[in-house]
Amino acid sequence: MISPLRAWLLCFLLFFAAALCFLDRQVLSVLAPQIIAEFGMSNTSYSRVVTAFVLSYTVMLVFGGRLMDALGTRRGLTLAVGFWSLASAAHAFVAGPLTLGAARFFLGAGEGPAIPGAIKGAVEWMDPKRRGIAVGLATSGASLGSMIAPPLVVWTAAHLGWRGAFAATALLGAVWLIVWLLVFRGLPAAATTPAANRPTSSWRSLLARHEVRRLLAARFCFDPVYYFYMFWIPQYLAKERGMSLTAIGALIWIPFVALEIANLGAGQASDMCVARGWSRRRARMTLMLVAALLTPASFFVALAGTPEFAIALMAVLMFAHGIWITNFMTLIGDTVESSDVATTVGMTGFCGGIAGMLSNLVIGPVVDHYSFTPVFLVSAVVYPLAWLILSGKVVFRRV
């Protein structure tokens, strides 16, 4: 076992790994209006580039999660961050939609194992009584990366060009790798892999469990909303709200601040409920219900009278998502053995990625022929449906 101080230090590094993961993938969405214009791309063409990322990311969620359980978080994240940093640097050399799509594909392949690995490390290294806050810390790194991406990318692109923005984020990945390896220096590998002697369950045995199938079905429902907010909101603000890249960078970080606050607060609130005698499942599900009841605010984004009010409503959705995703990931840690956490997180992410990939292919043509309004309408109803699935109100039997 490792000391509590070392465990917290490692969890903070997981936090920054998740932040880098989401910062790197957000660079394209922030710069999308500029890159789309330079390469003469339609929204449908852009949707295919996004889908290239989602495809590889989705495949590597399930295989990368398995890899993390096999290698351990220590070695697994070293490989993942190194690979995706190289892929991020490759974006600086793209010459059009085809090479841009290829770079996105390799970025997704590297980033796929990251979140399963981060959740695995948080579950394994922290006391179960502090599991909620540890998972909340690890997942909140994603919201930090998404939050700082718009102003940081806009500023970097203004000084170094959009190609320089991709190169700069790759450099940050290299810095993280150096710190990560230094922290582990002198620490036995066995100290950070407590589940190494326990075999990982097969995918088939996990799928045989009805509670795991509910987790998969629920994520298939709600993940497309986050993919939409992550990849399409700058384009929505530019196309339908007439905002410049500078104006987008000045405001779009606000919803991700709400996400960051919710990620951290939801984990703490969940642990407090457990400390007061609630079962872990009751604590997670209650907070997720609160989140689900907030998500219909997303529909009113399309009806908002001003861009500022629209962004405020987006912040409500992202706050709700922060509560939801922290407790959803913690629920996975409560449901399966620690040796199966990364595999199960990867399986749920695979289902969510399939849904995100399909939805991205639909969003582009819908936006080109109609508007973003139908997309906001759908995003307002899927979290309540996902909660019903997790609660057992909607039954999915093994086929």
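All of the numbers you see were taken from the coordinates with simple rules; none came from a lab. Keep in mind that this is a model prediction, so the values were computed, not measured. For neighbour counting, all protein chains shown are included, and Cβ atoms are generated from backbone atoms with ideal geometry for every residue, glycine included.
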Just to confirm my numbers, what's the Cα centroid distance between segment 1-63 and segment 249-276 in Å? 20 Å
If you compute Kirkwood radius over Cα pairs in Å for the structure shown, which of (i) 23.5; (ii) 20.9; (iii) 21.9 do you land on? (ii)
Considering the chain as a Gaussian network with a 10 Å cut-off on Cα pairs, which listed residue, Ile36, Ile178, Ile325, attains the greatest mean-square fluctuation? Ile178
Given points 7 Å out from each Cα along the Cα-Cβ axis, report the Trp278 to Leu361 separation in nanometres with one decimal. 4.0 nm
By Cβ neighbour count within 10 Å, fewest first, Phe222, Phe105 rank Phe105, Phe222
Ranked list, fewest to most other Cβ atoms within 10 Å of each Cβ, for Val274, Val175: Val175, Val274
With springs only between Cα atoms under 10 Å, which of Thr169, Thr344, Thr246 fluctuates most in a Gaussian network model of the chain? Thr246
Which residue, chosen from Ser270, Leu107, Ser202, occupies the Cα position most advanced towards the positive end of the dipole of the chain, where the dipole is computed from +1 (Lys, Arg) and -1 (Asp, Glu) charges on Cβ about the Cα centre? Ser202
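Where in the chain are the DSSP H helices whose alpha-carbon span along the long axis reaches 15 Å or more and whose Kyte-Doolittle mean is at least -0.5?
Qualifying helices, which must be both long enough and hydrophobic enough, are 4-39, 43-71, 73-90, 97-111, 114-125, 131-184, 210-239, 254-275, 280-294, 307-335, 341-369.
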Need the C-alpha centroid separation for segment 320-357 versus segment 99-156, integer Å. 13 Å
Full-stretch length increase - Val183, Leu98 - with 0.36 nm per residue and alpha-carbon distance subtracted: 26.7 nm
Can you pull the one-decimal nm distance between simple spin-label points at Leu171 and Leu207, each 7 Å off the Cα toward Cβ? 4.6 nm
So for segment 1-65, using the alpha carbon gyration tensor with a ≥ b ≥ c as root eigenvalues (a/c under 1.5 gives rounded; past that, a/b versus b/c decides prolate or oblate), I'd call it oblate
Three-way shape call for segment 208-269 based on the alpha-carbon gyration tensor, with the a/c threshold at 1.5: oblate
Please arrange Leu289, Leu317, Leu5 by counting, for each residue, the other beta carbons lying within 10 Å of its beta carbon, fewest first. Leu5, Leu289, Leu317
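Tell me the chymotrypsin sites (Phe, Trp or Tyr not before Pro) within segment 257-360 that lie in a loop according to DSSP and have at most 13 other beta-carbon atoms within 10 Å. All intermediate terms of the calculation are to be shown ahead of the outcome.
Details: sites: Trp278, Phe299, Phe300, Phe309, Phe319, Trp324, Phe328, Phe350; in loops: Trp278.
Loop-located and lightly packed - none at all.
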Let me make sure I get this right: for segment 270-370, a, b and c are the square roots of the gyration tensor eigenvalues over alpha carbons, sorted descending. Under 1.5 in a/c it's rounded, otherwise prolate if a/b > b/c, else oblate. Which is it? oblate
Among Ala32, Gly136, Ser88, pick out the residue whose Cα is farthest towards the positive end of the charge dipole of the chain, where Lys and Arg carry +1 and Asp and Glu carry -1 on C-beta, about the Cα centre. Gly136
List the relative contact order of the chain as a percent without decimals, with contacts defined as Cα pairs under 8 Å and 6+ residues apart. 28 percent
